[in-house]
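Participant: Take this structure first; my questions come after.
The values are calculated or read from the model by the stated rules, or taken from the named source; none is laboratory data. These numbers were taken from a predicted model, which means no experiment stands behind them. Cβ sites come from the backbone with ideal geometry, for glycine too, and all protein chains shown count toward neighbours.
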Amino acid sequence: MRFSWGYPFTTCPPIEEFLTAQALMELAASAEAAGFGAVYVTEHPAPAERWRQTGGHDALDPFVALSFAAAATSQLQLLTNLTVVPYRNPFMLAKAVATLDRVSDGRVILGMGTGYLKGEYHALGVDFDERNALFDEAVDVMRMAWTGEPVTYEGLHFSARDITSQPTPARQPHPPLWLGGNSKLTRRRVAEWGQGWMPLPNPAELAARRRSPPLETTEQLRDMLAYLHDHAASVGRTAPVDVMYMCFEGGAPGTPDWNPQQHLEALHELAEAGVTWIAGNASGRTRAEVIDNLTRYGEEIIAALAPAP
């Protein structure tokens, strides 16, 4: 079991204290010191105000933010969780990914999805109904661009003739590609060509709003993973798939209901179900609170699950 940590950017408006280079670097370094294997940043470049005020949140640009995290660490993986692929021209996205991977010595994990906010699609001038076609097209183009060889491709909204993209990523043929979302289509994509899956805990009452199947129990997760593995077998895939999931059992350090033993028991159950990464519960309203909670989570949870020397 490995652990990722999400930069504490889950409010509207964002907490000013977290909007500095020093905060990004200090918190990333603290996560690495606590034993986390990755830091992740989400993406919402143009969210609608109604969504922001009804449970949504603001976000930093993931590639800019993760570059500061990279500068302050040496081993921490840099995960986009997740970047909405159809928002960008695939050559632009390929360049951002390759650049960050190069300057970080090969630490990028590209977490991807199609997104679900129509208002954001409209604001960015992207056709929401084309999102799946644009997603598949972008993945094809990026994988070609990352070879560093000339690319010729006739896209839905672009025409590329002998286009060469350098530098190539440090990790070849490309950084790990993780897909977020609960749909069968997402799980088929993971089984066919992805390296990781990021299912989203999703209460039934939010399923329609998020345009994603509900996911509330470990048993539901087992069923979803069974479909993924069955499809992988049907296409002849034998390589393992990383699975990153959230665990809310036992609360979070720094809160009155924090119960590390209950949390550990839930993590063991998730590991048995096939989860390989946990998005760890460690946040706060100030940098000092976050650092304390990262340290506590590392000592009480990550260290407890570390393999014996």
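Participant: Could you say which residue among 166, 172 is exposed (fewer than 15 other Cβ atoms within 10 Å of the Cβ), assigned to a loop (DSSP other than H, G, I, E, B) and under 21 Å from the mean Cα position of the chain (by Cα)?
Facilitator: The match here is 172.
Participant: Here is a list of conditions, (1) under 30 Å from residue 221 (Cβ atoms); (2) outside any strand (DSSP E or B), and residue 149 meets all of them except one; can you say which number that is?
Facilitator: (1)
Participant: Looking only at the stretch 270-277, decide whether some residue is part of a helix (DSSP H, G or I), over 30 Å from residue 16 (Cβ atoms) and of a type in the set (D, E, K, R).
Facilitator: yes
Participant: So which residues in the stretch 168-221 are without any contact (Cβ under 8 Å) to a residue 60 or more places away in the chain, more than 30 Å from residue 106 (Cα to Cα) and of a type in the set (Ser, Thr, Tyr)?
Facilitator: 217, 218
Participant: While we're looking at this one, here's another question. Is it fair to say residue 138 is modelled with pLDDT under 95, farther than 23 Å from residue 1 by Cβ, within 20 Å of the chain's Cα centre (by Cα) and outside any loop (DSSP other than H, G, I, E, B)?
Facilitator: So residue 138 does not fit the description; no.
Participant: Can you tell me which residues in the stretch 56-75 are assigned to a loop (DSSP other than H, G, I, E, B) and farther than 27 Å from residue 243 by Cβ?
Facilitator: Once the filter is applied, which keeps residues that are assigned to a loop (DSSP other than H, G, I, E, B) and farther than 27 Å from residue 243 by Cβ, the stretch 56-75 yields 58, 72.
Participant: Can you run down the residue pairs with Cβ atoms below 7 Å, 6 or more apart or on separate chains, where the first is in the stretch 44-62 and crowded, with 16+ Cβ neighbours inside 10 Å and the partner is aliphatic (A, V, I, L, M)?
Facilitator: Close Cβ pairs (under 7 Å, with a partner that is aliphatic (A, V, I, L, M)) amount to 44/59; 47/117; 48/117; 51/117; 60/41; 62/41.
Participant: Can you tell me which residues in the stretch 271-309 are under 30 Å from residue 179 (Cβ atoms), buried (at least 18 other Cβ atoms within 10 Å of the Cβ) and not hydrophobic (A, V, I, L, M, F, W, C)?
Facilitator: The answer is 274, 280, 281, 283, 284, 293, 297, 298.
Participant: Also: Restricting attention to the stretch 82-114, which residues are of a type in the set (S, T, N, Q) and in contact with a Gly (Cβ under 9 Å, 6 or more places away or on another chain)?
Facilitator: 83, 89, 114
Participant: Also, quick follow-up: What residue, of 197, 178, 193, 146, is among the hydrophobic types (A, V, I, L, M, F, W, C) and over 19 Å from the mean Cα position of the chain (by Cα)?
Facilitator: Result of the check over 197, 178, 193, 146: 146.
Participant: Still on this structure, I have one more. Are any of the residues in the stretch 38-55 of a type outside the set (A, V, I, L, M, F, W, C), touching a Cys at 6+ places or on another chain (Cβ under 7 Å) and either within 21 Å of residue 281 (Cα to Cα) or assigned to a helix (DSSP H, G or I) (or both)?
Facilitator: There is at least one residue in the stretch 38-55 that is of a type outside the set (A, V, I, L, M, F, W, C), touching a Cys at 6+ places or on another chain (Cβ under 7 Å) and either within 21 Å of residue 281 (Cα to Cα) or assigned to a helix (DSSP H, G or I) (or both).
Participant: Then there's this: Against the definition (touching a strand residue (DSSP E or B) at 6+ places or on another chain (Cβ under 9 Å), farther than 27 Å from residue 264 by Cα and not in a loop (DSSP other than H, G, I, E, B)), how does residue 78 come out, yes or no?
Facilitator: The answer is no for residue 78.
Participant: Kindly establish whether residue 132 is touching a Ser or Thr at 6+ places or on another chain (Cβ under 7 Å), in contact (Cβ under 8 Å) with a residue 12 or more places away in the chain and part of a helix (DSSP H, G or I).
Facilitator: The answer is yes for residue 132.
Participant: For the stretch 83-129, give me each residue that is aliphatic (A, V, I, L, M), within 16 Å of residue 48 (Cα to Cα) and not in a helix (DSSP H, G or I).
Facilitator: If the condition is that a residue be aliphatic (A, V, I, L, M), within 16 Å of residue 48 (Cα to Cα) and not in a helix (DSSP H, G or I), then 84, 117, 124, 126 are the ones that fit.
Participant: May I pose another question? Please determine whether any residue of the stretch 245-261 is under 22 Å from residue 111 (Cα atoms), under 22 Å from the mean Cα position of the chain (by Cα) and not aromatic (Phe, Trp, Tyr).
Facilitator: The answer is yes, given that some residue of the stretch 245-261 is under 22 Å from residue 111 (Cα atoms), under 22 Å from the mean Cα position of the chain (by Cα) and not aromatic (Phe, Trp, Tyr).
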